[in-house]
Amino acid sequence: MKVLRVKIRSWTASFRYPIFVAGLQPTLPMPPLSTIYGLISAAKGEIVTPEDTSVGYVFFYQSKAVDLETIYELEGLKAKSNVANREFLYDNELYLYLTNLELESAFRQPFYPLLLGRSTELAMVEEIKEVELVEKINVKLGKTLIPFPRKGVYGALQALPTHFSDEVFRKAQGTKPFYIVEEMILQEESAVWFDEEKQWGVYLHK
């Protein structure tokens, strides 16, 4: 199957756990699908959902650190400042796989700035390439989110949305449990899509 592979880099990234609202703000070790579809939407300049393209990705980071960040808490019409500890990821690489080949033009000239987290976490496109994925067994799959359940896959479980609505007050869509797969796991029984050049499996979310 022919897909578009987009390599994206950023110095920093952060993907907030939905259940944490105060105190230490930890980051997920990889972007949720809602961030992925938000990234594609920013590039195209309009909302992109799972109906428009299937996506897969492999995400790497070099290290994790904690920063002190000033936040503002609203109390009625007044706001007071406070300091929060926020985790972030450093030196990130995202390999994004898209079944909609027409999105190439969007990443060659993004409509809005590309972000991997907050407004300060700018990302840049390093490479855009059409590649052929083949189905294989005995390949490694990981560094990504995989829907629960799936035989032969393990990792922390987290309920996450796939995307958000385009209403004024956005609503989470397609929330379901995912494995957070932080290492490459050999898939010995079930076939997965395989990138011959990179020598890793790609899980395509449909």
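No lab work stands behind these numbers, since they all come straight from the coordinates. Bear in mind the structure is a predicted one, so any value in this text is a computation, not a measurement. As a convention, Cβ positions derive from the backbone with ideal geometry for all residues, glycine included, and neighbour counts pool all protein chains shown.
Over the chain, the hull volume per residue, using the convex hull of the C-alpha atoms, is 126 Å³.
Amide H contacts of F178: F148, Q158, A159, L160, each under 5 Å away and 5 or more positions distant or on a separate chain (H built 1.01 Å from N in the peptide plane; Pro and chain starts excluded).
Summarising the amide proton neighbourhood of Y203: residues at separation of 5 or more, or on other chains, whose placed amide H is nearer than 5 Å comprise Y57. Counting 0.36 nm for each residue step from T120 to A159 and taking away their Cα separation leaves a gain of 11.5 nm.
When the Cα centres of region 139-178 and region 1-61 are compared, how far apart do they sit, in Å? Value for the Cα centre distance between the two parts: 11 Å.
If R0 equals 30 Å, the separation of the Cβ atoms of L101 and A172 corresponds to a calculated FRET efficiency of about 0.60.
Our summary gives the chain a relative contact order of 29 percent, counting only alpha carbon pairs under 8 angstrom and 6 or more residues apart. Of the residues Q173, S10, Y57, the one whose Cα sits farthest toward the positive end of the charge dipole of the chain, with +1 on the Cβ of Lys and Arg and -1 on the Cβ of Asp and Glu, is Q173. Near the amide H of T27, within less than 5 Å, lie the amide hydrogens of E87, all on another chain or at least 5 residues away, with H placed in the peptide plane.
Cross-link check: pairs K2/K198; K7/K44; K44/K151; K7/K64 evaluated at a Cα-Cα cut-off of 24 Å; pairs beyond the cut-off: K44/K151.
Taking GluC sites (Glu not before Pro) across region 50-93, the ones in a DSSP loop with at most 15 further Cβ atoms lying within 10 angstrom of their Cβ are E51. Angle of helix 33-44 to the longest C-alpha principal axis of the chain, folded into 0 to 90 degrees and rounded to 10: 90°.
Extension gain for I71-K7 works out to 19.8 nm (0.36 nm per residue, less the C-alpha to C-alpha distance).
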